[in-house]
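Bear in mind that the values in this text are calculations on the coordinates, not laboratory data. What you see is a predicted model; the values in this text were computed from it and never measured. Cβ placement follows ideal geometry from the backbone for every residue including glycine, while neighbour counts extend to all protein chains displayed.
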Amino acid sequence: MTILLYTLAVIGAIIALFLLLALVTKKDFRLEKQIIIDKPKAEVFNYLKLIKNQEKYSVWVMKDPNVKIVYTGTDGTVGFISSWTSDDKNVGIGAQEIIKLTEGESMDVEVRFKKPFEATNYAHTDVTALSATQTKVSNIFTGKQKFPLNVMNLFMDKLIGKDMLQNLVNMKTNLEN
């Protein structure tokens with residue numbers, strides 16, 4: 001009986017610690033990754049504004065070779081939607097939509113996840129010319145988590161930050177080769 005009580009006390013303490021941590025953790029998260037690409041700004045922007053190009057550099061799209069993608073609208077313009085369905089739990093079901101485009105400068109995309117969890121997040125991408133042949137690409141990913149799942153915000157960089165950076169590395173490789 002003592003072992004059972006001790007086990008329940010430990011489990012209760014872990015749950016209490018988790019909830020306490022969730023109470024003091026921000027509900028919003030923001031991740032930013034950058035890379036320098038040895039190509040002119042216009043060429044870089046014209047590549048990244050086309051959501052269909054993500055098939056060639058997004059680690060999330062490439063995780064499932066059987067992912068079903070449906071495109072709606074004109075790629076590279078506001079209102080373009082890419083919807084995906086995958087049996088792979090790491091890919092899931094969702095859609096992304098270009099919601100703002102400042103030609104040659106930046107793009108905002110709303111990302112709506114349905115499975116394995118529901119969430120709406122935002123990706124903002126800026127391109128900045130460093131020279132006539134070098135461009136800095138900055139990708140910012142933001143969102144909110146509801147209590148108590150906001151504890152995940154403490155680990156968001158470890159969860160998706162490396163994939164964000166790999167996407168930029170893949171884009172750089174595609175553009176420079």
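Rounding to the nearest 10 and keeping the result within 0 to 90°, find how far the Cα-based axis of helix 2-24 lies from the longest principal axis of the chain.
Here the helix axis deviates by roughly 40 degrees.
So which trypsin sites (Lys or Arg not before Pro) in the stretch 62-155 end up in coil per DSSP with only 15 or fewer other C-beta atoms within 10 Å? Mind showing how you got there, number by number?
On the way: sites: K63, K68, K89, K100, R112, K114, K136, K144, K146; in loops: K63, K89, K146.
Passing both the DSSP loop test and the Cβ count: K63, K89, K146.
Which aspartates and glutamates does K146 reach when only Cα atoms under 16 Å apart count, and residues fewer than 8 places away in its own chain are ignored?
Cα-Cα hits under 16 Å: D28, E118.
Counting GluC sites (Glu not before Pro) as exposed when in a DSSP loop with at most 16 other beta carbons within 10 Å, what is the longest stretch of the chain free of them?
Details: sites that count: E103, E105, E118.
After excluding every exposed loop site, the longest remaining stretch is 1-102.
So if I take the centroid of the Cα atoms in the stretch 1-25 and the same for the stretch 86-130, what is the distance between those two points in Å?
Between the Cα centres of the stretch 1-25 and the stretch 86-130 lies a distance of 37 Å.
For S83, S131, what ranking results if the residue with the fewest other Cβ atoms within 10 Å of its Cβ goes first? Present the calculation step by step, with values, prior to reporting the outcome.
Values: S83 16, S131 10.
Ordered by Cβ neighbours within 10 Å, fewest first: S131, S83.
Cα-Cα over 20 Å: which of K63/K136; K68/K114; K114/K162? Intermediate results must be reported in sequence, preceding the final value.
Values: K63/K136 26 Å; K68/K114 15 Å; K114/K162 22 Å.
Correct reply: K63/K136; K114/K162.
What aspartates and glutamates sit close enough to K56 to cross-link, taking a C-alpha to C-alpha distance under 17 Å and skipping anything fewer than 8 places away on the same chain?
Here the aspartates and glutamates satisfying the reach criterion relative to K56 are E43, D64, D75, D163, E176.
Over the Cα atoms, compute the radius of gyration (one decimal) and Dmax (the largest Cα-Cα distance, rounded to a whole number) for the chain, in Å.
Rg, Dmax (Cα atoms, Å): 19.6, 74.
Would you tally the net charge around F117, using a Cβ to Cβ cut-off of less than 11 Å, leaving F117 out, and scoring K and R as +1, D and E as -1?
Working: positive: K89, K114, K115, K146; negative: E118.
Net of charged neighbours comes to +3.
In whole Hz, what ³J(HN,Hα) sequence does the stretch 125-133 give by Karplus (6.51, -1.76, 1.60; θ = phi - 60°), x for Gly and Pro?
Computed from phi, the couplings for the stretch 125-133 are 10, 10, 10, 10, 6, 9, 7, 5, 10 Hz.
Which of the chymotrypsin sites (Phe, Trp or Tyr not before Pro) found in the stretch 101-148 are loop residues per DSSP with 14 or fewer other Cβ atoms within 10 Å of their Cβ?
Values: sites: F113, F117, Y122, F141; in loops: F117.
Answer by residue number: F117.
Within the stretch 5-34, report the trypsin sites (Lys or Arg not before Pro) that DSSP leaves as loop and that have at most 16 other Cβ atoms within 10 Å. Each step should come with its number before you reach the end.
Working: sites: K26, K27, R30, K33; in loops: K26, K27.
Qualifying residues, ordered by number: K26, K27.
Gain in length, A119 to Q134, computed as 0.36 nm per residue apart minus the alpha-carbon separation, to one decimal in nm? Spell out each step's value before the answer.
Values: separation 15, 0.36 × 15 = 5.40 nm, distance 3.49 nm.
In short, 1.9 nm is gained.
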